[in-house]
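Notes follow once the structure below has been shown.
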Amino acid sequence: MKKAVLLSLALSLSLPLGAAFAAPSPVQAASPAAVVQQKQAAPAVSVQKLAIGTVTTYDYGNIKMYAYATNDPLSDECYALESKDGVVLLESTILTNNIDEWSQFVKTLDKPVVAELMAYHPNGYATYGKHPIYATPHALQSWQPGGGVYAIVGNLEKAFGSAADTSMPTKAKKLTAGKDITLAGIRFHIIDAGDDAYSVEIPQINAVYRHMMGSDVHNILASRQQIAQDIQTLKGYQQKGYDLILTGHYKPEGQEAVAQKIQYLQKVQELANTCQTKDEFQQRVKEAFPNYQGESYLAMTASFLYQH
């Protein structure tokens with residue numbers, strides 16, 4: 001089955017799951033204490049092709065970040081942050097072959113994994129070893145029966161069968177939105193994302209992690225309120241001047257992508273307020289952004305915005 005078909009199937013199965021993309025609460029901005037005070041030097045970037053996915057290394061000197069592009073049908077992306085004191089994993093992925101490949105790569109770093117920061121993609125967490133799992137209470141709840149992430153994973157299992165690793169933690173060390181946590185000498189600032197999990201600011205490399213963005217990809221937008229809040233959040237990214245925006249479904253991007261996504265969201269907001277039907281909305285968005293990927297995401301957005 002082709003990737004595009006698998007993606008469409010996986011996402012269409014998630015369409016009824018309104019709770020998984022409930023209208024978000026106000027999104028918390030990063031605290032002033034987490035602002036990077038000095039301009040981060042540009043990292044040395046290198047790319048390594050693995051058997052399935054690709055690892056891009058961002059070498060900042062004292063810290064290295066590894067971004068693993070799974071090349072799976074969902075375009076999952078997960079990360080590892082390395083210092084002299086060890087490795088911190090940020091997110092996992094869904095397919096067993098990717099989890100195994102990523103785990104083997106992490107072992108080649110020859111540093112202890114001191115923690116796993118899991119948010120939207122905690123699957124296969126145990127493959128990486130017996131390390132503390134960190135999550136906000138809200139994220140942990142979303143992984144359990146009745147939670148949004150749990151429901152989506154159940155539908156992905158229907159799409160991918162035994163190729164999917166559906167294991168998720170039942171307990172985790174508590175992260176608190178608005179607070180910092182230092183792991184392996186790397187500071188992480190936890191941000192309330194207003195949805196199923198949380199975002200993470202990494203001041204020492206002037207980066208922020210959020211679930212979705214992608215400069216040329218449609219996003220899942222559960223309500224008109226969320227569109228407005230996402231615009232404000234991304235404008236906050238501009239004010240903060242992050243060098244990298246990390247996401248769970250796209251390669252790391254910079255400020256140019258933030259500006260492009262704001263323009264996209266503003267146009268989607270305009271069309272959501274003027275189009276009368278779901279079909280009209282989808283057609284007008286496609287006309288405005290003909291080269292955008294992720295039409296299944298757009299279909300989900302249309303279903304949420306035009307429920308009556």
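Scanning segment 244-285 for residues that are in contact with a Gly (Cβ under 8 Å, 6 or more places away or on another chain), over 19 Å from Ile220 (Cβ atoms) and among the polar types (S, T, N, Q) yields a total of 1. Tallying residues that are in a loop (DSSP other than H, G, I, E, B) and under 16 Å from the mean Cα position of the chain (by Cα) within segment 183-221 yields 15.
Tell me, which helices (runs of 4 or more DSSP H) wholly within segment 225-308 include 3 or more residues that are touching a residue at least 40 places away in the same chain (Cβ under 8 Å) and in contact with a helix residue (DSSP H, G or I) (Cβ under 9 Å, 6 or more places away or on another chain)?
255-274, 295-305
Could we say that Pro203 is crowded, with 16+ Cβ neighbours inside 10 Å, touching a Lys or Arg at 6+ places or on another chain (Cβ under 8 Å) and either within 24 Å of Ile181 (Cα to Cα) or not basic (Lys, Arg) (or both) here? Here the answer is yes, as Pro203 does meet what is asked. Please tell me if Ile245 is in contact with a Lys or Arg (Cβ under 9 Å, 6 or more places away or on another chain) and either surrounded by 20 or more Cβ atoms within 10 Å (Cβ to Cβ) or of a type in the set (Asp, Glu) (or both). Yes; evaluated as a whole, the condition is true for this residue.
Taking the listed residues Val149, Val106, Val153, Val113, the one that is in contact (Cβ under 8 Å) with a residue 60 or more places away in the chain and either under 19 Å from the mean Cα position of the chain (by Cα) or in the same structural domain as Asp59 (by TED's automatic domain parsing) (or both) is Val149, with no other qualifying. Being within 21 Å of Ile63 (Cβ to Cβ), of a type in the set (S, T, N, Q) and not assigned by TED's automatic domain parsing to the domain that holds Lys84 is a description that applies to Gln255. Just to be sure before I move on: is Ser215 surrounded by 22 or more Cβ atoms within 10 Å (Cβ to Cβ) and in contact with a strand residue (DSSP E or B) (Cβ under 7 Å, 6 or more places away or on another chain) in the structure I sent? It is false that Ser215 is surrounded by 22 or more Cβ atoms within 10 Å (Cβ to Cβ) and in contact with a strand residue (DSSP E or B) (Cβ under 7 Å, 6 or more places away or on another chain). Every condition in (1) more than 30 Å from Gln144 (Cβ to Cβ); (2) touching a residue at least 24 places away in the same chain (Cβ under 8 Å); (3) not hydrophobic (A, V, I, L, M, F, W, C) holds for Gly214 except the one numbered (1). Restricted to segment 274-308, and to residues there that are basic (Lys, Arg) and more than 15 Å from Ile227 (Cβ to Cβ), the residue that is surrounded by the fewest Cβ atoms within 10 Å (Cβ to Cβ) is Lys286.
The values are calculated or read from the model by the stated rules, or taken from the named source; none is laboratory data. What you are looking at is a predicted structure, and each value in this text was computed from that prediction instead of being measured. As a convention, Cβ positions derive from the backbone with ideal geometry for all residues, glycine included, and neighbour counts pool all protein chains shown.
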